[in-house]
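So the structure is just underneath, and the comments pick up after that.
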Amino acid sequence: MSSMLLYLLQTLLLGLVLLRLTSSGTTALRMHIVAWILLTSAIFLRYGSVEQLIFYSSDQKYHVYLVQRILDGSDWRNFSWWILDTRAPYTVPAAMLNLVGIDTALALKTVSLGYFLGTVSFMRTIVISAGLKPRISTLFMTATGPIGVLFASLALRETAMMFFVLYAIRGASPIHRILALCMLGLLRPHLAAALFLGMVIVELFGNLRKTDSSWHPMIAFSSLVSGTLLGSLLFAIGANLLYGNQPSLRQSFGIQPTVRIASNFVGLQFLTAPDGTVALSIADLLLARLLLSETIVIPLLFTLVVLTSRRVDRYAQLALWSFSIYVGLATKTDNNSFRQNLPLMPTMGLTVLQMLQNRHQPKLYSKLVRMRVGTSD
């Protein structure tokens, strides 16, 4: 049997197994699996076994290398290697699949899909408990639609980080949230640091345990600015500890760094990326944004909603602080793109949906009161 046919057969079989396991789930969940089968197969047929690992990001090739190194076993006794280098929550499950004969790249993509399906299921639970109706637009607004399926079809860790960010913020118990934060730290330490600091700041403000509180656009704007400055400071401190660079915030001020930071809040990071760090043309990148428009819509609406609302809950405040701190960190690197912010998009999109719902509830309540008064008269 040829390697191509074997890969396609394994893709189909894995998809059918997942369809069987989710037979009692929602139609959307099963449609995601079908889309994954088709897209994963199409990517392999178009690029082959080698180029499929580099056509989008070289990180895919690196993850294959990590799985092979885990299976090699020569570093197993190196504790720091497990913590700092392996990205274990993503690569270890893939290594286990590879042990039973699944192609390494396909094993990674299967793990990506598993985390994505977990995110979709947990998001649906949150949406229903919040009094929202699960719709196609809900999938779009929480990055659990087309963009999620795309990344589930790549050998990348983004869907795993989406899952752990959502659980770290919305987990049912403190143990779940702490564990999710630790797993996130193994996948992307500076994102976990931003999320943890966001939690600490919201706690210090005394709003973490409140359902909602008074809010003001100036509070939102000052939180956004303070968060990005804090993120920049953390990057400077980290650079000092790792490389001996003198901590400085000078690079955080000025038109260019301000525009680059602001571009993250509207999903247009590629327009401010340093020369040589973006392989595609501006036209190609704009077309990709049109096809995956949630990468612009979610951060843009999130920014607008939190800056114009008068009341926010603790989750919205945490999302704002965490995203702002993370942007301050990420914009100091050469790898700032919507992909870097993708793990936070489900939380930001959910914030938008809930806050828009809360804006309409007082109006609905007033109408009901007037109707009752009219009836009693």
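Okay, here's what the table says:
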quantity: From Ile54, Ile43, residue being surrounded by 17 or more Cβ atoms within 10 Å (Cβ to Cβ) and either touching a Phe, Trp or Tyr at 6+ places or on another chain (Cβ under 9 Å) or not small (Gly, Ala, Ser) (or both); calculated: Ile43
quantity: Residue in segment 213-223 that is at pLDDT below 65, over 21 Å from Met345 (Cβ atoms) and over 23 Å from the mean Cα position of the chain (by Cα) present; calculated: yes
quantity: Test result for Ile43, aliphatic (A, V, I, L, M) and more than 24 Å from Leu181 (Cβ to Cβ); calculated: yes
quantity: Meets criteria (within 24 Å of Ala262 (Cα to Cα), outside the structural domain of Phe338 (by TED's automatic domain parsing) and either in contact with a Ser or Thr (Cβ under 6 Å, 6 or more places away or on another chain) or polar (S, T, N, Q) (or both)) for Met162; calculated: yes
quantity: Residue within segment 345-357 that is at pLDDT below 85 and among the small types (Gly, Ala, Ser) present; calculated: no
quantity: Whichever residue in segment 105-123 is farther than 10 Å from Pro346 by Cβ and among the hydroxyl-bearing types (Ser, Thr, Tyr) and, among such residues, is surrounded by the most Cβ atoms within 10 Å (Cβ to Cβ); calculated: Ser112
quantity: Checklist (1) in contact (Cβ under 8 Å) with a residue 40 or more places away in the chain; (2) hydroxyl-bearing (Ser, Thr, Tyr); (3) under 30 Å from Thr138 (Cα atoms) applied to Ser41, failing item; calculated: (1)
quantity: Some residue of segment 144-153 being of a type in the set (S, T, N, Q), in a loop (DSSP other than H, G, I, E, B), under 28 Å from Arg46 (Cα atoms) and in the same structural domain as Thr27 (by TED's automatic domain parsing); calculated: yes
quantity: Any chance Ser57 is over 18 Å from Ala160 (Cα atoms) and either assigned to a helix (DSSP H, G or I) or at pLDDT below 95 (or both); calculated: no
quantity: Among residues of segment 118-143, those that are assigned to a helix (DSSP H, G or I) and small (Gly, Ala, Ser), counted; calculated: 4
quantity: Pick from segment 72-92, criterion surrounded by 15 or more Cβ atoms within 10 Å (Cβ to Cβ) and in contact (Cβ under 8 Å) with a residue 40 or more places away in the chain, ranking: farthest from the chain's Cα centre (by Cα); calculated: Thr86
quantity: Residue check, Val50 at pLDDT below 95, more than 30 Å from Leu179 (Cα to Cα) and assigned to a helix (DSSP H, G or I); calculated: yes
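The values are calculated or read from the model by the stated rules, or taken from the named source; none is laboratory data. Since the model is a prediction, treat every value here as computed from it, not as a measurement. Cβ coordinates were reconstructed from backbone atoms using ideal geometry, including for glycine residues, and neighbour counts include every protein chain displayed.
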